[in-house]
Every structure is written in structure tokens, then in C-alpha cells.
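Have a look at the structure below, then the notes.
The values are calculated or read from the model by the stated rules, or taken from the named source; none is laboratory data. Just so it is clear, the structure is predicted and the values come from calculations on it, not from any experiment. Positions of Cβ are backbone-derived with ideal geometry, glycine not excepted, and every protein chain shown enters the neighbour counts. The area values use the complete protein model at the heavy-atom level, side chains included, leaving out ligands, DNA and RNA. Shrake-Rupley method; radii C 1.70, N 1.55, O 1.52, S 1.80 Å.
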Amino acid sequence: MAEARTTLRHTFNTDAELYDRVRPGYPAELFDQLPTGRVLEIGCGTGQATEPLARQGRPIVAIELGEQLADVARRKLSRFPHIEIITADFETWPLPPEPFDLVLAATSFHWIDPDIRVAKAAQALRPGGTLATIATHHVFGGTTAFFADAQECYLRFDPDTPPGLRLRPSAEIPTDSAEIDASPDFGPARFHRYEWDQPYTTQAYLDVLTTYSGHIALPAPARAGLLRCIADLIDNTYGGRIVKRYLTELRLADR
């Protein structure tokens, strides 16, 4: 499992410009929940969460494994002199002597080695500092019939698709604080949730699908067949437009 995680997390670097253009961001009100001070961001990607914090004037050290992703982030954030973007993996990157007030991982914490991530985040924080992780869930809502119909495409072209898979309502998505609860370094986890809809044209939805690691990892013929099947479905049954519902979850824990 660790080997598969390591392989898949490199897939996001294959088209950093597309990733930056089409990946959904985060609700603006989420950033109001984050404490002030010096920030260490783990897995900044192309800066979807970095930029809102940078506009608040926060000093940020951002770590990104993918060279292309980091290059896009540097270009986007070059106008902020208080941002440093380092191309490295968090597991082996040496922590600086000065601790941080906030360690943030936006849709990236699950890619970090689970044997390391919580303990090293604690080491990076000052006493009283906060670990914040953001997770994005795909939930029931939006154009609901489309997502049920699209499973037929996945069953045809992706052999790992479980039969009968359906999106769940946000109320049925459990919070997960197990690793925080097990850590001696952190107090109880707190959660904030934001449910929101994003409209897509056919091409825009295909573009965002091609940035997901599972789709990138498919063999090229299967991926092409899957995207063609989904495009035909959106164009011919849903008038060329669909709406997708996201659940963004912020988890906070204080050292």
C-alpha cells in the first residue's frame, strides 16, 4: 500500500498547468478558521490554498514534491515576498530551527507516510500551534442522476470500480480523528464542514477528471474509453452541463 501511495502521489506532476486551471479550490470562509502566524504548508500543489493565506500577509514555507507543480506555484505567488516554496518530500525534509504557528495540509495529508506525518507535524509546531488538514469529499447532490449513470462507464473501463458504488450524502461521511486521538502531541480534533456545488461543461468535467490520480493511472486505452463514455453521457443525456457537489472538511488540532 505504501508503494502504491508513493507512485500515485507523483501523478499530479504530469500536467501542472491543467491541475492549476481546473482543480476546485476551497471555500473562502474556511481560511477564517485558521490561526494567524507563521505557516508550514505540506504539499502545496500549485498554490490553491497557499494564495488565500498569502493575500492575508502570512509568512509561508510551502513544501511540494512535484517539480512542475512547485514551478507553477512559484510563478503564481512570485508577487508575495513572504512565501518560500521548496521542492522536497515532507518525510525527509529537515525541519528548520524556528517552529511554526500553523502546519497546513490541503488535500495532501493522506499522501504522507502515516507513520511519520502526525509526529513530524508536531515537531514543526510551537507549543499551542495548530495542525490543520483539509479533505475534499465527493458527495451526493448536484446532478444526481448523472453520477449514478456514470458508474456504468467506470464499470466498463476501470476494473477496480466496486459494483453498486454510489455517492453518499454529506451527513453520512464520518469525521476521522483516529490518528489525532492516538497522538500524545495533540489535543482533541475540531471539525468544520462546507458543502458546495460546482457546475461543469462536458470539457471542464473531463479536464478535472484527468487530474485525479486514479484516472491518470489507468492504461491509456481504458482512460480514453472512460472519458469518451462520460462525455457522451453528459452531451447526449444532460445537455452538455452537470453540477457536482463537494464537501470540504477542515480538521484542526492544537499541539
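Worth a mention:
- The set of residues in the range 129-147 being open to solvent by less than 40 Å² (accessible area, probe 1.4 Å) and part of a helix (DSSP H, G or I) consists of F146, F147.
- Residue ID - surrounded by the most Cβ atoms within 10 Å (Cβ to Cβ), chosen from residues in the range 177-202 that are touching an Asp or Glu at 6+ places or on another chain (Cβ under 9 Å) and in a loop (DSSP other than H, G, I, E, B): F186
- Flag if R251 is touching a helix residue (DSSP H, G or I) at 6+ places or on another chain (Cβ under 8 Å), at pLDDT 95 or above, of a type in the set (K, R) and not in a helix (DSSP H, G or I): yes
- Enumeration of residues in the range 26-36 that are in a loop (DSSP other than H, G, I, E, B) and either open to solvent by less than 30 Å² (accessible area, probe 1.4 Å) or hydrophobic (A, V, I, L, M, F, W, C) (or both): P27, L34
- Considering residues of the range 154-165 that are within 18 Å of Y212 (Cα to Cα) and of a type outside the set (A, V, I, L, M) only, the residue surrounded by the most Cβ atoms within 10 Å (Cβ to Cβ): F157
- Filter result for the condition that a residue is farther than 18 Å from T133 by Cβ and either under 15 Å from the mean Cα position of the chain (by Cα) or at pLDDT below 90 (or both), over A54, A49, A16: A16
- Tabulated pairs, the range 54-72, first surrounded by 20 or more Cβ atoms within 10 Å (Cβ to Cβ), second of a type in the set (A, V, I, L, M, F, W, C) and at pLDDT below 95, C-beta under 9 angstrom, 6+ apart or interchain: L65/F12; L65/W111; G66/F12; G66/A16; L69/F12; L69/A16; A70/A16; V72/A16
- Enumeration of residues in the range 94-117 that are crowded, with 20+ Cβ neighbours inside 10 Å and not in a strand (DSSP E or B): S108, F109, W111, I112, R117
- Inter-residue pairs, beta-carbon under 7 Å, first in contact (Cβ under 8 Å) with a residue 60 or more places away in the chain and more than 18 Å from L53 (Cα to Cα) and in the range 15-38, second crowded, with 18+ Cβ neighbours inside 10 Å and among the charged types (D, E, K, R), 6+ apart: L18/D207; V22/D207
- Qualifying residue in the range 79-92 (condition: under 15 Å from L40 (Cα atoms), outside any loop (DSSP other than H, G, I, E, B), open to solvent by 50 Å² or more (accessible area, probe 1.4 Å) and not charged (D, E, K, R)): yes
- When restricted to residues that are open to solvent by 20 Å² or more (accessible area, probe 1.4 Å), outside any helix (DSSP H, G or I) and among the basic types (K, R), the range 203-248 contains 2.
- Some residue of the range 119-136 being over 28 Å from V39 (Cβ atoms) and touching a residue at least 24 places away in the same chain (Cβ under 8 Å): no
- Failed criterion for A150 (all others in (1) out of contact with any Phe, Trp or Tyr (no Cβ under 8 Å at 6 or more places or on another chain); (2) crowded, with 23+ Cβ neighbours inside 10 Å; (3) over 16 Å from R255 (Cβ atoms) hold): (2)
- Candidates in the range 81-112 are the residues that are aromatic (F, W, Y) and modelled with pLDDT of 95 or more; of these, the one that is farthest from L53 (Cα to Cα) is W93.
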